[in-house]
Amino acid sequence: MSIKRSNAYSNMTVISLVLLLMVLVMTPFAASDNVLERLTVLFIYIIMAAMWNTLAGFGGLVSIGQQLFFGLGAYATIRLAHLGISPFVAVSLAALLVGLLSWPISKFMLHLKAAEFGIGMWVLASVGHLLVNLDPLIQGETGTSLISLNVYPIGTRRVLIYLAALISMSGLLIGLFYLLRSKAGIAMQAIRDNEEAADSIGVDAQTVKKWFFIFAAFGTGLAGALWLAQASSFQPKTYFSVQWTAYMIFMVLVGGIGRFEGAILGALLFFAVETWFAATGVWYLVGLGAVAVLCSLFLPKGLWGAIESRLGLRLIPVGYQVTNETLMLNKDKKNRRQ
């Protein structure tokens with residue numbers, strides 16, 4: 001019996017992902033404008049799913065108010081760009097500001113437990129929405145636009161936003177991967193499973209949860225800022241809508257909560273469903289809800305969880321895995337001697 005993290009499949013996955021990243025970097029030279037726009041949306045969806053999975057899947061912090069950080073990321077970008085800062089620099093700075101703002105928020109929100117935390121985040125998002133509406137620059141629900149993007153030719157702007165989304169997605173996923181493999185990541189998963197037991201062995205639960213909360217807020221804020229850059233227009237009721245958190249929950253539940261691959265798979269499935277069926281209007285939303293309920297009932301671990309349980313397939317392992325390779329080798333040696 002041996003304990004290890006990587007395996008043959010994960011090693012192949014790393015190589016495949018590097019090659020895929022190279023292809024995606026070169027895509028603007030060959031793809032149409034529509035393809036670039038749709039891929040940008042996909043990258044943002046993956047960020048959103050991964051960030052909600054960071055909180056709920058790996059930390060047990062089920063939030064229904066992540067639209068707070070999504071909306072604040074977009075709002076901060078508008079504000080910074082209004083000060084004369086380059087819109088692409090503003091996107092990065094906005095995410096940092098959202099991360100900084102999440103620190104004092106975490107001070108009191110993380111003292112809430114279970115449903116109280118989820119509802120508290122939703123209430124906070126509603127308050128944030130109302131406060132942003134008071135800003136004269138935003139003009140209430142009329143909203144405004146990221147007009148500083150107009151200095152770029154539309155083709156150049158589309159490519160820059162695509163590359164910004166690709167770099168952001170790649171950076172956040174790599175950062176999350178190593179965070180989950182660190183001592184803090186192991187501690188966070190221990191807190192998720194049993195906070196009292198984690199406390200008893202010396203884990204500082206509040207500090208660990210705080211850093212995960214800030215990381216998720218930063219990533220979600222970056223997603224909101226990128227969405228604004230892609231859409232250009234900003235209306236508070238759109239960016240602070242609970243639908244964004246509903247999308248995150250759907251992607252993670254269907255893909256596989258608490259699994260690194262699950263959030264990515266869920267985002268891919270949601271993107272495909274949206275692309276093919278969004279034109280059906282309200283029935284599209286009804287269908288999403290029905291699929292989420294069915295997955296919760298019959299696939300509680302999500303699609304990737306079912307695949308992992310049945311096939312033992314782990315493409316991006318963040319934890320340790322016990323294998324029987326050593327036992328099999330010893331058995332083979334005995335058979336050869338006989």
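FYI, it's all coordinate maths here, none of it is from the lab. Computed from a predicted structure; not experimentally measured. Neighbour counts run over all protein chains shown; Cβ positions are idealised from the backbone, glycine included.
Consider segment 148-166 and keep the residues that are in contact with a helix residue (DSSP H, G or I) (Cβ under 9 Å, 6 or more places away or on another chain) and free of Cβ contacts under 8 Å to residues at least 60 places away in the same chain. The one that is farthest from residue 89 (Cα to Cα) is 154.
In segment 170-203, the residue that is nearest to residue 49 (Cα to Cα) out of those that are among the β-branched types (Val, Ile, Thr) and touching a helix residue (DSSP H, G or I) at 6+ places or on another chain (Cβ under 7 Å) is 191. Please indicate, with yes or no, whether at least one residue in segment 7-19 is within 19 Å of the chain's Cα centre (by Cα), surrounded by 13 or more Cβ atoms within 10 Å (Cβ to Cβ) and touching a residue at least 60 places away in the same chain (Cβ under 8 Å). No; the residues of segment 7-19 include none that is within 19 Å of the chain's Cα centre (by Cα), surrounded by 13 or more Cβ atoms within 10 Å (Cβ to Cβ) and touching a residue at least 60 places away in the same chain (Cβ under 8 Å). The residues in segment 127-183 that are within 15 Å of the chain's Cα centre (by Cα) and of a type in the set (A, V, I, L, M) can be counted, and the count is 10.
Suppose the filter is at positive phi and either in contact (Cβ under 8 Å) with a residue 12 or more places away in the chain or in a loop (DSSP other than H, G, I, E, B) (or both); does residue 73 pass it? Judged against the criteria, residue 73 is not a match. On the phi < 0 side of the Ramachandran plot and without any contact (Cβ under 8 Å) to a residue 24 or more places away in the chain, is that true of residue 87? It is false that residue 87 is on the phi < 0 side of the Ramachandran plot and without any contact (Cβ under 8 Å) to a residue 24 or more places away in the chain.
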